[in-house]
Amino acid sequence: MAGTITEKILARHIVEGEARVGSEVALKIDNTLTQDATGTMAYLQFEAIGIDRVKTQFSVSFVDHNTLQTDFKNADDHRFLESVAKRYGLYFSKPGNGICHQVFLERFAVPGNTLIGSDSHTPTAGGIGCFAMGAGGLDVACAMAGAPFRIKYPKIVGIKLTGRLKPWVSAKDVILTVLQKVDVKGNVGKVFEYFGEGVATLSVPDRATITNMGTETGCTTSIFPSDEVTREFLKAQGREKDFVPLMPDEDATYDEVIEINLSEVEPMVALPHSPGLVVSVREAGPIKVDQVAIGSCTNSSLRDLKIVAKILKGKTISENLHMFISPGSRQVVEHLINDGDYVDLVRAGARIMENACGPCIGMGCAPASGSVSVRTFNRNFEGRSGTKDARVYLVSPETAAATALTGRLTDPRDLGEYPEIELPKSFIINDNMIIQPLPEEEAKKVEIKRGPNIKPLPSFDPISDTLEGKVLIKVGDNITTDHIMPAGARILPFRSNIPEISKFVFEAVDPEFYNKAREANGGFIIGGENYGQGSSREHAALAPKYLGIKAVIVKSFARIHLANLINFGIVPLTFKNPDDYDKIDEGDNLEISIGDLKGDCILKNLTKNLEIELEHTLSDMDAEILKCGGKLPWIKGSK
Ligand code: MIC
Ligand code: SF4
């Protein structure tokens with residue numbers, strides 16, 4: 001049968017279930033990745049499962065989100081992660097080696113493999129033809145323990161690329177164009193598969209920019225074919241042996257097709273505060289800009305920073321503007337230094353940061369109050385930059401560099417001739433910051449090092465048939481995990497300390513949330529569409545669970561957050577009739593009979609004396625997991 005690449009990879013990895021859109025399938029997972037902010041929790045969970053060594057082909061633990069080491073907490077987390085990697089047979093990429101997705105693409109990703117990572121931008125590896133998905137840390141822990149990963153068999157949307165990008169237009173503009181067409185909601189359960197003659201005109205890092213930010217659509221993953229361009233990239237990385245060709249069959253059919261003529265793509269910008277609010281840079285107009293930040297897993301490859309260096313060469317950034325650059329990896333930095341690009345950036349007035357997530361996750365470089373920041377990142381949710389009233393715009397490296405020069409949002413085509421850049425035929429390969437897995441016998445002797453901020457996992461009880469309590473908060477559409485469980489320099493150090501981090505739940509939405517939840521001894525959350533979009537951080541489920549949240553009732557959920565709620569025993573329910581959202585207010589007392597969760601449920605609003613019908617998409621296994629109080633107690637019970 002003719003197939004898309006998604007169908008081909010899935011067919012080779014399905015260990016249970018039927019390849020039918022919407023039906024649950026269990027996939028064998030070849031590789032996993034974690035980063036520090038979600039990794040500590042994932043490894044505490046892996047330890048709790050009680051397996052002696054990872055069972056995947058290979059697994060990698062990265063440190064890139066919090067590298068500030070402002071006190072012992074962060075440094076202790078890093079030491080814990082390093083010792084865990086040695087103990088359980090993982091690769092460990094040390095802090096300073098780069099952003100997980102960029103390094104994974106350069107040094108690890110294999111076309112045709114399945115990968116899950118405890119970070120929502122794991123689909124970056126789709127740029128090389130790897131079927132890569134973001135997941136909660138517990139699901140990654142289970143995959144490391146050899147368990148399959150369950151998804152709904154996806155609807156495959158073919159994105160047909162024709163033509164070729166014009167000068168000054170780059171991959172980021174393509175994904176912004178896709179986001180303009182499909183928005184940030186309504187894409188749960190879809191895979192975006194790129195095909196058509198335009199594919200060959202894009203390099204692997206270009207493709208990775210597109211699959212990376214595909215995450216913002218809410219889809220399961222995005223993927224490109226593995227072709228001669230992929231082979232060349234792997235060869236330049238000294239990994240030609242990892243090349244596997246992977247193309248869709250000529251008569252492959254897609255559930256839906258979106259066509260993009262690359263020649264017609266223009267410089268685009270996502271306006272505050274959503275990656276889906278996209279217009280052309282020309283339409284947005286010459287907004288005055290205070291800060292430009294370049295980097296993040298979307299746009300920090302050598303190509304991206306080289307083009308910025310060429311644009312800035314011999315010039316000075318606008319006087320009233322500050323510019324930050326965070327390269328994606330040490331390989332990128334080494335090349336920039338060797339080729340003289342680094343000096344061009346520094347001379348122009350850019351501040352070069354560590355090669356890590358940095359400002360993308362609010363670790364420094366927060367914009368001034370009420371100011372405008374233009375960034376090459378993938379998320380511009382309110383407050384994520386660290387400044388609640390900052391206005392963040394998302395653009396390509398070309399647009400960011402042009403803006404840095406003029407001090408206003410600028411269409412880079414106004415700059416004249418597009419500079420040529422040359423990419424290396426072979427990259428500088430230096431893996432001395434990647435610690436290799438230890439042989440089994442040696443690994444067994446490694447002692448895991450825990451600091452005082454690494455608290456044991458909280459344990460949770462089975463759930464009763466009737467849930468009772470108060471509505472603690474009612475929120476609207478598109479609530480992100482950054483709203484639920486904020487990140488940034490103040491909060492990230494508590495990622496391995498649930499009692500402490502739970503004090504920040506919904507902090508920016510309702511500073512009293514923690515106290516209210518404590519006083520009422522838990523309760524319910526009511527939300528609108530696309531609840532839980534954004535990050536994969538399971539803390540957005542685990543911390544509310546710790547505060548006694550019993551159920552979240554919304555119009556619709558984002559995929560990874562939904563899975564995280566199930567994993568931690570919070571019942572995810574949706575309104576049968578979305579208008580019923582209006583029939584519940586904060587402070588209302590509710591009673592929900594969930595029974596065994598095999599069918600719909602009735603919610604009684606005791607305060608308003610009315611009944612509301614709720615539904616869910618839980619499989620029988622999900623229902624069992626929830627009733628046990630979450631996945632860990634369920635695994636232990638079923639052992
Ligand atoms: C993000 O971009 O929001 C993060 C930080 O990378 C998260 C993971 C996290 O919260 O640790 C993600 O996207 O999954
Ligand atoms: Fe890091 Fe930002 Fe990428 Fe998340 S989106 S992995 S914080 S660079």
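The values are calculated or read from the model by the stated rules, or taken from the named source; none is laboratory data. A quick note: this is a predicted structure, and the numbers were derived from the prediction, not measured. No Cβ is skipped: glycine too gets one built from the backbone with ideal geometry, and neighbour counts run over all protein chains shown. Areas reflect the complete protein model, heavy atoms only, side chains present, ligands, DNA and RNA absent. Shrake-Rupley method; radii C 1.70, N 1.55, O 1.52, S 1.80 Å.
On the basis of being of a type in the set (Val, Ile, Thr), in contact with an Asp or Glu (Cβ under 8 Å, 6 or more places away or on another chain) and open to solvent by less than 90 Å² (accessible area, probe 1.4 Å), does Ile448 make the cut?
So Ile448 fits the description; yes.
Out of all the residues in the stretch 70-90, is one or more within 18 Å of the chain's Cα centre (by Cα), among the small types (Gly, Ala, Ser) and more than 30 Å from Val257 (Cβ to Cβ)?
For the stretch 70-90, residues within 18 Å of the chain's Cα centre (by Cα), among the small types (Gly, Ala, Ser) and more than 30 Å from Val257 (Cβ to Cβ): absent.
What's the number of the condition Gln436 fails, among (1) at pLDDT 95 or above; (2) open to solvent by less than 90 Å² (accessible area, probe 1.4 Å)?
(2)
Which one of these does Asn338 not meet: (1) more than 13 Å from ligand 2 (Cβ to nearest atom); (2) under 19 Å from Tyr393 (Cβ atoms)?
Single failed check for Asn338: (2).
A quick yes/no check of all residues on (1) more than 14 Å from ligand 2 (Cβ to nearest atom); (2) over 16 Å from Phe195 (Cβ atoms); (3) more than 19 Å from the chain's Cα centre (by Cα):
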{"position": "Asp119", "(1), (2), (3)": "no, yes, no"}
{"position": "Phe131", "(1), (2), (3)": "yes, no, no"}
{"position": "Leu138", "(1), (2), (3)": "yes, yes, no"}
{"position": "Thr162", "(1), (2), (3)": "yes, no, yes"}
{"position": "Leu165", "(1), (2), (3)": "yes, yes, yes"}
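Can you pull out the residues in the stretch 455-496 that are among the hydrophobic types (A, V, I, L, M, F, W, C) and either in a helix (DSSP H, G or I) or away from ligand 1 (no atom under 16 Å from the Cβ) (or both)?
Leu457, Phe460, Ile463, Leu467, Val471, Leu472, Ile473, Val475, Ile484, Leu492, Phe494
Quick check on the stretch 17-38: of everything there that is within 19 Å of the chain's Cα centre (by Cα) and hydrophobic (A, V, I, L, M, F, W, C), which residue is farthest from ligand 1 (Cβ to nearest atom)?
Once the filter is applied, the top-ranked residue is Ile29.
State yes or no: is Ala147 open to solvent by 10 Å² or more (accessible area, probe 1.4 Å) and not β-branched (Val, Ile, Thr)?
When the stated conditions are applied, Ala147 passes them.
Restricting to the stretch 90-137, name every residue that is away from ligand 1 (no atom under 16 Å from the Cβ) and hydrophobic (A, V, I, L, M, F, W, C).
Result: Leu90, Phe92, Phe108, Ala109, Val110, Ile128, Cys130, Phe131.
For the stretch 366-373, does any single residue satisfy the condition of being open to solvent by less than 30 Å² (accessible area, probe 1.4 Å) and under 26 Å from Thr124 (Cα atoms)?
Among the residues of the stretch 366-373, at least one is open to solvent by less than 30 Å² (accessible area, probe 1.4 Å) and under 26 Å from Thr124 (Cα atoms), which makes the answer yes.
Would you be able to tell me the number of residues in the stretch 600-639 that are on the phi > 0 side of the Ramachandran plot and within 33 Å of the chain's Cα centre (by Cα)?
Of the residues in the stretch 600-639, 2 are on the phi > 0 side of the Ramachandran plot and within 33 Å of the chain's Cα centre (by Cα).
Can you find a residue in the stretch 31-39 that is of a type in the set (A, V, I, L, M) and open to solvent by 30 Å² or more (accessible area, probe 1.4 Å)?
The answer is no, given that none of the residues of the stretch 31-39 is of a type in the set (A, V, I, L, M) and open to solvent by 30 Å² or more (accessible area, probe 1.4 Å).
Considering only the stretch 331-362, how many residues are surrounded by fewer than 24 Cβ atoms within 10 Å (Cβ to Cβ) and under 21 Å from the mean Cα position of the chain (by Cα)?
2
Spot the failing condition for Thr230; the list is (1) open to solvent by 20 Å² or more (accessible area, probe 1.4 Å); (2) part of a helix (DSSP H, G or I), and only one is missed.
(1)
Suppose we filter the stretch 85-104 for residues that are within 11 Å of ligand 2 (Cβ to nearest atom) and at positive phi; how many remain?
Within the stretch 85-104, residues that are within 11 Å of ligand 2 (Cβ to nearest atom) and at positive phi number 1.
Being in contact (Cβ under 8 Å) with a residue 24 or more places away in the chain and either farther than 23 Å from Phe377 by Cβ or polar (S, T, N, Q) (or both) narrows it down to one of Ala443, Ala400, so name that one.
Matching residue, one of Ala443, Ala400: Ala443.
Somewhere in the stretch 108-122, is a residue of a type outside the set (D, E, K, R), closer than 22 Å to Gly39 by Cβ, assigned to a helix (DSSP H, G or I) and in contact (Cβ under 8 Å) with a residue 40 or more places away in the chain?
Scanning the stretch 108-122, I find at least one residue that is of a type outside the set (D, E, K, R), closer than 22 Å to Gly39 by Cβ, assigned to a helix (DSSP H, G or I) and in contact (Cβ under 8 Å) with a residue 40 or more places away in the chain, so the answer is yes.
Results for (1) surrounded by 23 or more Cβ atoms within 10 Å (Cβ to Cβ); (2) aliphatic (A, V, I, L, M); (3) within 16 Å of ligand 2 (Cβ to nearest atom), shown as yes or no for each residue.
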position: Ile258; (1), (2), (3): no, yes, no
position: Ser263; (1), (2), (3): no, no, no
position: Pro272; (1), (2), (3): no, no, no
position: Ser280; (1), (2), (3): no, no, no
position: Asn299; (1), (2), (3): yes, no, yes
position: Gly314; (1), (2), (3): no, no, no
position: Asn320; (1), (2), (3): no, no, no
position: Met323; (1), (2), (3): yes, yes, no
position: Ser326; (1), (2), (3): yes, no, yes
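Go through the stretch 284-336 and report how many residues are within 16 Å of ligand 1 (Cβ to nearest atom), within 18 Å of Ala402 (Cβ to Cβ) and touching a Cys at 6+ places or on another chain (Cβ under 8 Å).
Counting residues in the stretch 284-336 that are within 16 Å of ligand 1 (Cβ to nearest atom), within 18 Å of Ala402 (Cβ to Cβ) and touching a Cys at 6+ places or on another chain (Cβ under 8 Å) gives 2.
Considering only the stretch 20-30, state which residues are farther than 19 Å from Ala132 by Cβ and either open to solvent by less than 10 Å² (accessible area, probe 1.4 Å) or not charged (D, E, K, R) (or both).
Result: Val21, Gly22, Ser23.
Go through (1) touching a Lys or Arg at 6+ places or on another chain (Cβ under 8 Å); (2) of a type in the set (Ser, Thr, Tyr); (3) open to solvent by 10 Å² or more (accessible area, probe 1.4 Å) one by one and return the number of the condition Thr376 breaks.
So Thr376 meets the others, but not (3).
Give Thr466, Thr481 a once-over and let me know the one that is of a type outside the set (A, V, I, L, M), in contact with a His (Cβ under 9 Å, 6 or more places away or on another chain) and either surrounded by 15 or more Cβ atoms within 10 Å (Cβ to Cβ) or in contact (Cβ under 8 Å) with a residue 12 or more places away in the chain (or both).
None of the others qualify; the one that does is Thr481.
Considering only residues that are at negative phi, touching a Pro at 6+ places or on another chain (Cβ under 9 Å) and small (Gly, Ala, Ser), which ones fall in the stretch 371-399?
Ser373, Ser385, Ala390, Ser396
Being in contact with an Asp or Glu (Cβ under 8 Å, 6 or more places away or on another chain) and more than 16 Å from ligand 2 (Cβ to nearest atom) narrows it down to one of Phe506, Phe568, Phe557, Phe524, so name that one.
Phe568
Can you tell me which of (1) open to solvent by 30 Å² or more (accessible area, probe 1.4 Å); (2) of a type outside the set (S, T, N, Q); (3) in contact with a Gly (Cβ under 9 Å, 6 or more places away or on another chain); (4) in contact (Cβ under 8 Å) with a residue 24 or more places away in the chain is the one Ala11 doesn't meet?
(4)
Whether any residue in the stretch 392-412 is in a loop (DSSP other than H, G, I, E, B) and within 16 Å of ligand 1 (Cβ to nearest atom) is what I want to check.
Looking through the stretch 392-412, none of the residues is in a loop (DSSP other than H, G, I, E, B) and within 16 Å of ligand 1 (Cβ to nearest atom).
Would you mind finding the one in Ala390, Ala368, Ala402, Ala350 that is away from ligand 2 (no atom under 12 Å from the Cβ), modelled with pLDDT of 95 or more and more than 30 Å from Arg490 (Cβ to Cβ)?
So the residue among Ala390, Ala368, Ala402, Ala350 that is away from ligand 2 (no atom under 12 Å from the Cβ), modelled with pLDDT of 95 or more and more than 30 Å from Arg490 (Cβ to Cβ) is Ala402.
Regarding the stretch 289-311, can at least one residue be identified that is among the charged types (D, E, K, R), closer than 28 Å to Asn530 by Cα and at pLDDT 95 or above?
Checked against the condition, which is being among the charged types (D, E, K, R), closer than 28 Å to Asn530 by Cα and at pLDDT 95 or above, the stretch 289-311 yields no hits at all.
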